[in-house]
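Student: Quick one: structure below, then a few questions.
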Amino acid sequence: MDLEVSPALTIPASELGWRFSRSSGPGGQHVNTSDSRVELSWNVAESAVLSDGQRLRLISLLGQRLIDGVITVSASERRSQLRNREMALAKLSALVAEGLAPDAARRRATKPTRASNRRRLAAKEQRAATKQQRRRPPAE
């Protein structure tokens, strides 16, 4: 089953590697006999579906998670292998989509307007006056 990351990018099933092992956690006696933990790996460095720019971007942004150009995602939250496979596919898809997403536009710092500054100072004066009125009058 191919993994659709975005309408423009689909990772073919032939590039995905699956590994299954026994999972810890809930499942009772069943957990000791079934391989429900799933590891999904994808070789980013040698993938045929990525352009050179996409490959470089993924390698630079996901560099901490890559081992020899391969990204591995594991899922063992569910009891069934099928559900864990679905979760692993979703995790990998989210990671790749996040890695390929364009950078957010940088915020341009601006000065507050003169009117907003006046409103802020007027509100501060009003608040100070309110607190001043709450004080105990001086003893004379």
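Student: Could you list, ordered by first residue, the pairs with Cβ atoms under 8 Å in which the first is in region 89-110 and in contact (Cβ under 8 Å) with a residue 24 or more places away in the chain and the second is assigned to a loop (DSSP other than H, G, I, E, B) and not hydroxyl-bearing (S, T, Y), at least 6 apart or interchain?
Tutor: What qualifies is L89/M1; L95/L62; L95/R65; G99/L62.
Student: What is the one condition in (1) surrounded by 10 or more Cβ atoms within 10 Å (Cβ to Cβ); (2) of a type in the set (V, I, T); (3) not in a helix (DSSP H, G or I) that T110 does not satisfy?
Tutor: The number of the failed condition is (1).
Student: Follow-up. If only one of S74, S51, S80, S60 is under 17 Å from E15 (Cβ atoms) and of a type in the set (S, T, N, Q), which one is it?
Tutor: On the way: S74 fails: under 17 Å from E15 (Cβ atoms); S80 fails: under 17 Å from E15 (Cβ atoms); S60 fails: under 17 Å from E15 (Cβ atoms).
Only one candidate qualifies: S51.
Student: In region 42-77, which residue that is among the small types (G, A, S) and within 18 Å of the chain's Cα centre (by Cα) is least open to solvent (accessible area, probe 1.4 Å)?
Tutor: Residues of region 42-77 among the small types (G, A, S): 45, 47-48, 51, 53, 60, 63, 69, 74-76.
Filter again for within 18 Å of the chain's Cα centre (by Cα), leaving 60, 63, 74-75.
Details: S60: 86, G63: 37, S74: 49, A75: 1 Å².
Selected residue: A75.
Student: Quick one: which of S116, S34 is of a type outside the set (V, I, T), surrounded by fewer than 16 Cβ atoms within 10 Å (Cβ to Cβ) and part of a helix (DSSP H, G or I)?
Tutor: On the way: S34 fails: part of a helix (DSSP H, G or I).
Just one listed residue meets the conditions, S116.
Student: List pairs: first residue in region 44-71 and over 18 Å from K91 (Cβ atoms), second residue open to solvent by 90 Å² or more (accessible area, probe 1.4 Å) anywhere in the structure, Cβ distance under 7 angstrom, at least six positions apart or on different chains.
Tutor: Correct list of pairs: G69/E46.
Student: Sticking with this structure for a sec: Would you point out which residue out of L89, L82 is within 18 Å of the chain's Cα centre (by Cα) and outside any loop (DSSP other than H, G, I, E, B)?
Tutor: Values: L82 fails: within 18 Å of the chain's Cα centre (by Cα).
L89 is the lone residue from the list that is within 18 Å of the chain's Cα centre (by Cα) and outside any loop (DSSP other than H, G, I, E, B).
The values are calculated or read from the model by the stated rules, or taken from the named source; none is laboratory data. If you're wondering where the values come from, they're calculated on a predicted model, not measured in any experiment. Glycine also receives a Cβ, built like all others from the backbone with ideal geometry; neighbour counts cover every protein chain displayed. We work out accessible area using only protein heavy atoms, side chains counted, and drop any ligands, DNA or RNA first. Shrake-Rupley method; radii C 1.70, N 1.55, O 1.52, S 1.80 Å.
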